[in-house]
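Engineer: Sharing a structure with you now.
The values are calculated or read from the model by the stated rules, or taken from the named source; none is laboratory data. What you see is a predicted model, and the numbers here were worked out from it, not measured in a lab. Cβ placement follows ideal geometry from the backbone for every residue including glycine, while neighbour counts extend to all protein chains displayed.
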Amino acid sequence: MTKDRHDHPLHRETIAASHGVATDPAFGAVAPPLYLSTTYEFAGFDRARQYDYGRAGNPTRDLLCDALAQLEGGAGAVVTSSGMAAIDLVLGQLSGDDLVIAPYDCYGGTMRLLKARAARRHFQLAFVDQSDLVAVSDALGRGAAMLFVETPSNPLMRIVDIAALCRMAHAVGAQVAVDNTFLSPAVQRPLALGADYVVHSTTKFLNGHSDVIGGAVIAAQEQAAASLKQWCNVIGTAGSPFDAWLTLRGLRSLFARMREQQSTAMVIAEFLHNHPAVAKVHYPGLTSHGGHELAGAQQTGFGAMLSFELAGGEAAVRRFVAGISVLTLAESLGGVESLIAHPATMTHADMGKEARQAAGIEDNLLRLSVGLEHRDDLLADLGRALEASADTTIPLCRHEELARAENALRKER
C-alpha cells in the first residue's frame with residue numbers, strides 16, 4: 001500500500017484503477033485529460049511554469065510515471081518511447097570502463113542492445129548464468145558497476161533470486177536493474193527485494209492491448225530518478241503523451257487481467273505437461289519447474305507466460321503453427337489476445353544459433369502469452385495444433401494449405 005491523494009494508504013489495485021481519476025481542476029473530468037501540447041506559456045520573463053517543453057515534461061506522461069512509481073514502490077519513474085529505450089536509459093548512466101553483468105539467456109533484443117553498446121565501448125560486458133551464484137560472485141569481483149537481471153527469463157522462464165543477487169551486487173558497489181516486463185508489479189516488485197531500478201516494456205502487460213509501444217524505468221531513490229529524467233531529456237527518448245494516456249488507460253485493468261490470465265496459464269501448463277506431443281513445459285507454476293519454490297517466494301503468482309518444447313522438433317513446430325486458429329502467431333506478449341511465438345526464428349533470431357544453444361533455446365521451442373479468451377477455446381485450439389504437430393502423415397506444405405483454407409472459411413463465417 002502507498003499514499004495517493006488520499007489521507008489513508010491505498011491498495012495497489014486501487015492505485016492502478018484510479019490514479020489521476022477526477023483530478024481535473026478545469027472541468028471536473030473523471031478521466032484524466034490528454035495534454036498534447038509540445039510547449040507551454042511562460043508566466044512572464046524568466047518565470048517558467050511547471051512545464052515549459054514537452055520533451056522535458058508533460059502532465060499526461062508524468063501521471064503515468066507517478067502511477068508506475070507507486071505500483072513498483074519507487075521514488076520516481078521515467079516513461080520512454082519503448083522498452084529498449086528504457087533499458088538503454090539505464091545503461092546510459094555507465095561509462096566506458098564500467099562492467100555490466102547480464103544474463104546469458106536474456107531476451108534477444110536486450111542481448112542485441114548490450115552487445116551493440118559494448119562493441120562501441122560504451123561499457124564492458126559479461127554474460128553469466130545468474131542462477132549460479134558462484135559464477136555471479138566471480139563476475140562481480142571483476143569490478144562490476146551494474147548487474148542486469150531478467151526473471152522470469154525470456155523465453156525459458158528461468159527464475160533467479162533477486163534478493164540474493166542484490167545483496168551480492170551491493171556488497172561490491174554495483175547497482176541492480178531488473179526487467180519486470182513478464183510479471184508486472186501486479187505479481188512481482190523487485191525494488192522491495194533490493195533492486196535499484198526496474199525496467200518495463202509497457203507495450204506488454206502494463207498496457208495490455210497490443211496497441212502502444214512504450215517503456216518505463218522506475219528508480220528506488222529520488223536522486224537516481226532525477227538523473228534518469230534529466231538524461232532522458234538530453235537524449236530525447238521520452239514517450240509520447242498519447243501513448244502515455246493509452247498506457248494509463250490499459251493500466252486500469254492490470255490486476256484483473258493478470259489474475260485471469262495467469263489462472264488460465266496454469267491450466268494450460270498442466271494440459272501441456274500431460275500431453276504426449278510435448279517434450280517439456282517451462283512454467284514456474286508447475287512443481288516440476290526448477291524455480292517453482294523461489295518463484296513462490298518472490299512473486300505473488302506465476303504469471304501468464306510459458307514456453308514448451310514439441311517432441312517432433314522443428315517439423316512439428318511447422319505443423320503446430322499451421323494448425324492454430326484461436327492462437328495468433330506473432331511476436332510481443334501481455335495483451336488480451338493469446339500469442340504464440342517461435343523464439344529461434346522470431347524474438348531471439350538475432351542472438352545467433354550458437355548463443356541460442358548456449359542459452360538452451362532450441363528449434364522446437366514455442367513461447368505462449370496467455371490472453372483472456374475462454375480457456376476451453378484455448379485448450380481446444382492447442383489440442384488440435386498438437387495433434388497436427390504429431391501427424392507426420394500429412395506433408396508440411398499440404399498441412400499449411402489446409403490451415404489456410406480453414407482460416408479463410410472461418411473468416412467468411
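Engineer: List every residue pair whose Cβ atoms lie under 9 Å apart, where the two residues are 6 or more positions apart in sequence or sit on different chains, the first residue falls within segment 42-62 and is more than 16 Å from SER81 (Cβ to Cβ) and among the basic types (Lys, Arg), and the second residue, located anywhere, is at pLDDT 95 or above and not in a helix (DSSP H, G or I).
Structural biologist: ARG49/TYR40; ARG49/GLU41; ARG49/PHE42; ARG49/ALA43
Engineer: Exactly one condition in (1) closer than 22 Å to PRO276 by Cβ; (2) modelled with pLDDT of 90 or more is false for ASP391; which is it?
Structural biologist: Only one criterion in (1) closer than 22 Å to PRO276 by Cβ; (2) modelled with pLDDT of 90 or more is unmet by ASP391, namely (2).
Engineer: Only one residue in SER153, SER184 is farther than 20 Å from GLN70 by Cβ, among the hydroxyl-bearing types (Ser, Thr, Tyr) and at pLDDT 95 or above. Which one?
Structural biologist: Among SER153, SER184, only SER153 is farther than 20 Å from GLN70 by Cβ, among the hydroxyl-bearing types (Ser, Thr, Tyr) and at pLDDT 95 or above.
Engineer: State yes or no: is ILE324 outside any loop (DSSP other than H, G, I, E, B), within 30 Å of THR247 (Cα to Cα) and among the β-branched types (Val, Ile, Thr)?
Structural biologist: So ILE324 does not fit the description; no.
Engineer: Is there any pair linking a residue in segment 359-385 that is closer than 26 Å to ILE159 by Cα and not assigned by TED's automatic domain parsing to the domain that holds LEU156 to one that is among the acidic types (Asp, Glu) and part of a helix (DSSP H, G or I), with Cβ under 7 Å and at least six apart or on different chains, and which?
Structural biologist: Qualifying pairs under 7 Å: ASP363/GLU314; ASN364/GLU314; LEU372/GLU260.
Engineer: Against the condition of a type outside the set (D, E, K, R), within 24 Å of LYS229 (Cα to Cα) and touching a Leu at 6+ places or on another chain (Cβ under 9 Å), how does VAL79 come out, does it pass? Show your work before the answer.
Structural biologist: On the way: of a type outside the set (D, E, K, R): yes; within 24 Å of LYS229 (Cα to Cα): yes; touching a Leu at 6+ places or on another chain (Cβ under 9 Å): yes.
Spelling it out, VAL79 is indeed of a type outside the set (D, E, K, R), within 24 Å of LYS229 (Cα to Cα) and touching a Leu at 6+ places or on another chain (Cβ under 9 Å).
Engineer: From LEU366, LEU378, which residue is part of a helix (DSSP H, G or I), closer than 13 Å to LEU306 by Cβ and not polar (S, T, N, Q)?
Structural biologist: Within the list LEU366, LEU378, the selection yields LEU378.
Engineer: For residues that are surrounded by fewer than 16 Cβ atoms within 10 Å (Cβ to Cβ) and in contact (Cβ under 8 Å) with a residue 60 or more places away in the chain, scanning just segment 312-331, find the one that is farthest from PHE255 (Cα to Cα).
Structural biologist: So the residue we want is ALA315.
Engineer: Please state which one of GLY173, GLY208, GLY194, GLY215 is surrounded by 22 or more Cβ atoms within 10 Å (Cβ to Cβ), on the phi > 0 side of the Ramachandran plot and either aromatic (Phe, Trp, Tyr) or at pLDDT 95 or above (or both).
Structural biologist: None of the other options fit; the residue is GLY208.
Engineer: Something else about it: Name every residue in segment 274-289 that is outside any strand (DSSP E or B) and buried (at least 16 other Cβ atoms within 10 Å of the Cβ), in order of residue number.
Structural biologist: Looking only at segment 274-289, we keep the residues that are outside any strand (DSSP E or B), and these are 274-277, 283-289.
Listed by number, the residues that qualify are HIS275, ALA277, TYR283, PRO284, GLY285, LEU286, HIS289.
Engineer: Could you please find all residues in segment 231-255 being in contact (Cβ under 8 Å) with a residue 40 or more places away in the chain, of a type in the set (A, V, I, L, M) and surrounded by fewer than 20 Cβ atoms within 10 Å (Cβ to Cβ)?
Structural biologist: ILE235
Engineer: Moving on. Would segment 91-98 turn up any residue that is among the hydrophobic types (A, V, I, L, M, F, W, C), surrounded by fewer than 18 Cβ atoms within 10 Å (Cβ to Cβ), in contact with a His (Cβ under 9 Å, 6 or more places away or on another chain) and without any contact (Cβ under 8 Å) to a residue 60 or more places away in the chain?
Structural biologist: So far as segment 91-98 goes, yes, one or more of its residues are among the hydrophobic types (A, V, I, L, M, F, W, C), surrounded by fewer than 18 Cβ atoms within 10 Å (Cβ to Cβ), in contact with a His (Cβ under 9 Å, 6 or more places away or on another chain) and without any contact (Cβ under 8 Å) to a residue 60 or more places away in the chain.
Engineer: Report yes if GLN70 is modelled with pLDDT under 95 and not acidic (Asp, Glu), otherwise no. Reasoning before the result, please.
Structural biologist: Values: modelled with pLDDT under 95: no; not acidic (Asp, Glu): yes.
No: the conditions fail for GLN70.
Engineer: Considering (1) at pLDDT 95 or above; (2) of a type in the set (A, V, I, L, M); (3) farther than 27 Å from GLN262 by Cα, say which one VAL370 fails and leave the rest.
Structural biologist: Here VAL370 clears every test but (3).
Engineer: Give segment 297-314 a look and list any residue that's at pLDDT 95 or above and farther than 22 Å from LEU333 by Cβ, or say none.
Structural biologist: Matches in segment 297-314: ALA297, ALA311.
Engineer: Take the conditions assigned to a loop (DSSP other than H, G, I, E, B) and out of contact with any Gly (no Cβ under 9 Å at 6 or more places or on another chain) and apply them to ILE340. Does it pass?
Structural biologist: In short, no.
Engineer: So, one more: Could you check segment 241-252 and list, in sequence order, the residues that are touching a helix residue (DSSP H, G or I) at 6+ places or on another chain (Cβ under 8 Å) and not hydrophobic (A, V, I, L, M, F, W, C)?
Structural biologist: PRO241, THR247, ARG252
Engineer: Here is a list of conditions, (1) in contact (Cβ under 8 Å) with a residue 24 or more places away in the chain; (2) touching a strand residue (DSSP E or B) at 6+ places or on another chain (Cβ under 7 Å), and GLN298 meets all of them except one; can you say which number that is?
Structural biologist: Failing condition for GLN298: (2).
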